[in-house]
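Here's the structure we're looking at; comments come further down.
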Amino acid sequence: MKIIRTNLFISQLQKSLIFIAKDKISASKEFRTKLNKNINELDNFPYKYRKSIYFKDENIRDMVFNGYTIIYQIDKIKQQIKILEIFNQNLPKLGSENENN
């Protein structure tokens with residue numbers, strides 16, 4: 001399966017990395033490296049993570065990683081996994097284009 005990162009996800013990830021880097025730059029780099037590894041592993045195990053608690057769709061999943069939730073959608077027909085967004089679980093989920101779906 002092809003993994004596609006949406007513009008929303010990329011933007012949110014950049015903001016998260018900047019926030020983490022304020023405390024420690026190396027922690028931000030390590031976060032990005034490990035997160036990318038987990039995302040790339042979805043190719044082999046797309047249903048590894050729980051069904052999303054934010055959507056009523058079996059093909060939308062929540063990856064929980066270091067206090068962040070990464071929402072992704074599995075499209076079996078197109079053979080792709082779309083990484084939709086990332087947010088810190090301890091902060092309000094704001095700016096989501098997918099809210100209330």
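The values are calculated or read from the model by the stated rules, or taken from the named source; none is laboratory data. Small disclaimer: the values here were computed from a predicted structure and weren't measured. As a convention, Cβ positions derive from the backbone with ideal geometry for all residues, glycine included, and neighbour counts pool all protein chains shown.
Output the number of residues of segment 88-101 satisfying the condition of being at pLDDT below 70 and either touching a helix residue (DSSP H, G or I) at 6+ places or on another chain (Cβ under 7 Å) or outside any loop (DSSP other than H, G, I, E, B) (or both). Of the residues in that region, 1 qualify.
Selection of segment 5-30 for residues being at pLDDT 95 or above, more than 20 Å from GLN73 (Cα to Cα) and either in contact with a Leu (Cβ under 7 Å, 6 or more places away or on another chain) or acidic (Asp, Glu) (or both) yields SER28, GLU30.
This table checks each residue for (1) over 13 Å from the mean Cα position of the chain (by Cα); (2) small (Gly, Ala, Ser).
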{"site": "SER16", "(1), (2)": "no, yes"}
{"site": "THR69", "(1), (2)": "no, no"}
{"site": "GLN79", "(1), (2)": "yes, no"}
{"site": "LEU84", "(1), (2)": "no, no"}
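In this structure, LYS22 does not qualify as surrounded by fewer than 16 Cβ atoms within 10 Å (Cβ to Cβ), over 11 Å from ILE83 (Cβ atoms) and either touching a residue at least 24 places away in the same chain (Cβ under 8 Å) or within 12 Å of the chain's Cα centre (by Cα) (or both). Quick one: is ILE53 loosely packed, with under 14 Cβ neighbours inside 10 Å and among the aliphatic types (A, V, I, L, M)? When the stated conditions are applied, ILE53 passes them. Within the set ASN38, ASN44, the sole residue that is assigned to a helix (DSSP H, G or I), within 20 Å of MET1 (Cα to Cα) and out of contact with any Lys or Arg (no Cβ under 7 Å at 6 or more places or on another chain) turns out to be ASN38.
For segment 79-87, does any single residue satisfy the condition of being modelled with pLDDT under 95 and outside any strand (DSSP E or B)? Scanning segment 79-87 turns up no residue that is modelled with pLDDT under 95 and outside any strand (DSSP E or B).
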